[in-house]
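The next block holds one structure in the form of structure tokens; read it before the comments.
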Amino acid sequence: MDTFKKNLMHSSNRIVIKVGSSLLVNSQDSFIDKKAINNICKDINFLISQSKEILVVSSGALALGKKALNITELNLKITEKQAISSIGQILMINSWREALSKYKISCGQILLTHFDAETRRSSINARNTIEALLKLNSIAIINENDTIATKELRYGDNDQLAARVAQLASADLLIVLSDVDGLFESNPVKHPKAKLIEKVKTIDSRIEKISENTSSSNSVGGMETKIKAAKISLAAGCNMVITKGSSVSPIKKLYKNGKATWFF
């Protein structure tokens, strides 16, 4: 592992971990992928043993709610999505609670809207709750509050929400666990020999261009929203890394030069 990555991992005391729907939700039956969430929680336990403070931003509520209600329709009204997400939210948070309890780690739920993160008073309240949970040695499981967020006031993806959480919590590092190893020079689905970009210091028009049109059936926005998140994160003084979350010990591998794209 090069000195840059080694120093970055060891010097990051407060870490936000973003877990996407494509990773958390099983693509075959649209329920929680227990193997994936257990791998992540094992890594969270490892990070805590290294005296790291951990926050989790988790997607998956809408996909889980649709499965629970056996809904396959794609063009849903926003009120329908809000109601379905409220059902899926329970399934999601219970899955995290169950997986973390194996390591005797407690968790709390925080639901945020775009308004909460952008408004000073609300963002301070959110930060205070996060700080209190950390003092209680509990993991904050954070998601967008889909039940009250309208189209005009919502993020629409948890990548940018995770970056805002990293900003308001003054995090040192944002780890985005995805269904790919990181940012490639071209879409790896269409171009299997595409080269992984390991380090990004400046997000220019080239980086923005190659991130377009990359998404999956369960995720929102694909790599494009992750680049937007990287902009927010870097502007706040927080480094960010994208890596594949479905592998065994995906975060621990970052200590051992695992495949990833680092934004610093």
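Here Leu76, Leu47, Leu55 are screened, and the one residue that is of a type outside the set (S, T, N, Q) and assigned to a helix (DSSP H, G or I) is Leu47. Among residues of the range 224-250 that are closer than 20 Å to Ile44 by Cβ and without any contact (Cβ under 8 Å) to a residue 40 or more places away in the chain, none has a beta-carbon under 7 Å from a residue that is open to solvent by less than 10 Å² (accessible area, probe 1.4 Å) and outside any helix (DSSP H, G or I) at least six positions away or on a different chain. Taking interchain pairs and intrachain pairs at least six residues apart, which have beta carbon atoms under 6 angstrom, with the first residue in the range 61-73 and over 12 Å from Met92 (Cα atoms) and the second of a type in the set (A, V, I, L, M)? That search, which allows pairs on different chains as well, returns Lys66/Ile84.
Look at (1) surrounded by fewer than 21 Cβ atoms within 10 Å (Cβ to Cβ); (2) within 29 Å of Ile48 (Cβ to Cβ); (3) at pLDDT below 95 and you find that Arg120 fails only one, number (2).
Among residues that are assigned to a helix (DSSP H, G or I) and surrounded by 15 or more Cβ atoms within 10 Å (Cβ to Cβ), Leu111 is not included.
Select, from Ala162, Ala171, Ala194, the only residue that is surrounded by 14 or more Cβ atoms within 10 Å (Cβ to Cβ), touching a strand residue (DSSP E or B) at 6+ places or on another chain (Cβ under 8 Å) and within 19 Å of Ser11 (Cα to Cα). Result: Ala171 is the single residue among Ala162, Ala171, Ala194 that is surrounded by 14 or more Cβ atoms within 10 Å (Cβ to Cβ), touching a strand residue (DSSP E or B) at 6+ places or on another chain (Cβ under 8 Å) and within 19 Å of Ser11 (Cα to Cα).
Answer yes if at least one residue in the range 13-25 is free of Cβ contacts under 8 Å to residues at least 12 places away in the same chain and over 17 Å from Gly182 (Cα atoms), and no otherwise. The answer is no, given that none of the residues of the range 13-25 is free of Cβ contacts under 8 Å to residues at least 12 places away in the same chain and over 17 Å from Gly182 (Cα atoms).
The values are calculated or read from the model by the stated rules, or taken from the named source; none is laboratory data. Since we're looking at a predicted model, the values are computed, not measured. Because the Cβ atoms are built from the backbone with ideal geometry, glycine has one as well, and the counts that use them run over all protein chains shown. The accessibility values were calculated without ligands, DNA or RNA, using every heavy atom of the protein model including side chains. Shrake-Rupley method; radii C 1.70, N 1.55, O 1.52, S 1.80 Å.
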